[in-house]
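First comes the structure, then the notes that go with it.
The values are calculated or read from the model by the stated rules, or taken from the named source; none is laboratory data. Remember, predicted model here, so these are calculated numbers, not experimental data. The accessibility values were calculated without ligands, DNA or RNA, using every heavy atom of the protein model including side chains. Shrake-Rupley method; radii C 1.70, N 1.55, O 1.52, S 1.80 Å.
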Amino acid sequence: MVPTETEIKLRLSAAQAGRDALVAAGASLVHPRELEDNLLFDDAGGALRASGGVLRLRRLSRGGVLTFKGPRRIVGGLKTRDEIETAVADPDALQHVLERLRFRRVFRYQKYRETWSFSGQEVVVDETPIGDFLEIEGDAEGIHRAAAALGFATADYVTDSYVTLFFAAGGQGDMVFPE
């Protein structure tokens with residue numbers, strides 16, 4: 001059985017507002033704030049994008065992660081998709097392998113992320129070039145419960161990807177922080 005990811009995003013006025021809500025609710029910090037640099041790959045014909053899939057190489061200070069995601073589905077107001085991930089010791093070497101296999105880098109996006117645990121769910125505070133967000137990932141009931149405890153209603157749920165949000169906001173090129 002392929003693992004699935006179930007999640008929502010919630011827009012924040014500022015990252016600190018998300019941190020404050022998490023602290024007030026009794027959440028625990030799991031991993032401090034760090035920069036994530038993400039590259040999306042596809043073949044020359046765009047087959048992954050056409051099928052709703054994603055192949056992402058994420059660079060972190062401690063290595064990287066290769067992720068395949070299947071097409072998204074909205075179930076009960078939550079985004080759900082198949083997700084297979086594996087840790088990568090050398091993201092640069094893996095990028096060269098992907099390019100040798102004729103995958104092309106089609107998009108780059110960055111964010112600062114810190115990871116929290118709350119009510120059995122993973123909650124992250126994401127600071128992106130298009131704004132700040134909480135992202136709650138876990139099981140459907142737990143996501144709804146955590147969002148409500150943090151002061152959000154189902155009308156606040158965002159199920160689009162950061163890539164989609166970037167282009168919807170008029171973004172062009174890659175979604176990266178100014179140098």
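Brief remarks on what is shown
- Computed over the chain: relative contact order in percent, which uses C-alpha pairs under 8 Å that are six or more apart: 30
- Accessible surface for the chain, divided over its residues, is 52 Å² per residue with a 1.4 Å probe.
- Percent of Cα-Cα distances greater than 21 Å, calculated over the range 87-179: 50
- Prolate/oblate/rounded call for the range 48-121, Cα gyration tensor, a/c under 1.5 rounded: oblate
- Accessible surface of the chain, 1.4 Å probe, proportion on carbon and sulfur as whole %: 53
- Cα gyration tensor shape for the range 6-85, rounded if a/c is under 1.5, else prolate or oblate: oblate
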